[in-house]
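Structure first, commentary second.
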Ligand code: CTP
Ligand code: CA
């Protein structure tokens, strides 16, 4: 009902969203991942469709149902690694807004073992890492200006353990994006509740603690504006 009465502020717009964690294989049974339930990204997907948009949701391994699938307004691509997420994003064209909500692994294992690494007494293996592409940075770099606005309009997310505002501001500048959203928490990961700090060229604004879907709806209205 809420969705029905909401203003269709993103009517005719195409929205790309990355959500959830990525997983970097060490061997066929082990790997490294990031903490992310995917709930915020999936909530943004739902809120964007409610607002009239068409959504492409690129999701890392997370156990969540595709929101509003029956509307036909959402396409979901499931990926595992950051490299796969990068390819899926680069293969998507002509979208108006990009929400980079995924917790992307910054480093992948250079050469994952083909077979399971067996225990060897007390000896521990050494892992060698290779940097993964910065997906958001790459998208932002190629953004154009359309009717005086950045196209696509890129929204980054930041989860920090200290100095959220300073780190988020630094990231917004480094990535050259118009908006970044900080997770204030307190218990962001896996929780249905969160609190957000939205930073754009006009300054920063808090969105008070609420359900992630409620936060997503408020964020969509800000971005639509
Ligand atoms: N991001 C991305 N690709 C990456 C890393 C991050 O698209 N390889 C995006 C995330 O989805 C998020 C934003 O960049 O929207 C910020 O991610 P974050 O990990 O906080 O920033 P980093 O630049 O990786 O900095 P650090 O991990 O050192 O804090
Ligand atoms: Ca990172």
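In nanometres, what is the gap between the two model label sites at residue 32 and residue 200, each 7 Å from Cα along Cα-to-Cβ?
Result: 3.5 nm between the two label points.
Using every pair of alpha-carbon atoms in the chain, split the distances into 5 Å bins beginning at 0 and state the percent of pairs per bin, rounded to integers.
Calculated P(r), rounded to whole percents: 1, 7, 14, 18, 20, 16, 10, 6, 4, 2, 1, 0, 0.
Rounded to the nearest 5, what % of DSSP beta bridges with both residues in the chain are antiparallel?
50
As a check on your grasp of the helix formula, calculate [θ] at 222 nm for the chain: sum -39500 (n - 2.57) over DSSP H runs of n ≥ 4, divide by the residue count, round to the nearest 500.
Only helices count here, giving -7500 deg cm²/dmol.
Arrange the peptides 104-115, 214-225 so that the one whose residues have, on average, the most other Cβ atoms within 10 Å appears first.
214-225, 104-115
How tilted is helix 164-175 with respect to the longest principal axis of the chain? Cα atoms for both, answer in degrees (0 to 90, nearest 10).
The angle comes out near 90 degrees.
Give, in nm to one decimal, the length gained when the segment between residue 144 and residue 116 is fully stretched (0.36 nm per residue of separation minus the Cα-Cα distance).
5.5 nm
At 7 Å along Cα-to-Cβ for each site, give me the label-to-label distance between residue 80 and residue 11 in nm.
4.4
Mind telling me which of 57, 137, 16 comes out most flexible in a GNM of the chain, alpha-carbon contacts under 10 Å?
137
For the peptides 143-151, 160-168, what is the packing order when you average, over each peptide's residues, the other Cβ atoms within 10 Å and list the highest mean first?
In decreasing order of mean packing, 143-151, 160-168 become 160-168, 143-151.
If you take every DSSP beta bridge whose two residues both sit in segment 16-80, what share of them, in percent to the nearest 5, is antiparallel?
Antiparallel bridges make up about 30 percent of those DSSP assigns within segment 16-80.
Between helix 39-50 and the chain, what is the angle of the helix's C-alpha long axis to the longest principal axis, kept within 0 to 90° and rounded to the nearest 10?
With both axes taken from Cα atoms, the answer is about 30 degrees.
Using a 10 angstrom cutoff on alpha carbons, build the Gaussian network for the chain and name the most mobile of 186, 21, 67.
Maximum fluctuation in the GNM of the chain, among the listed residues, is at 186.
Every number in this text was worked out from the coordinates using simple rules, so none of it is lab data. Since this is a predicted model, take the numbers as computed values, not measurements. For neighbour counting, all protein chains shown are included, and Cβ atoms are generated from backbone atoms with ideal geometry for every residue, glycine included.
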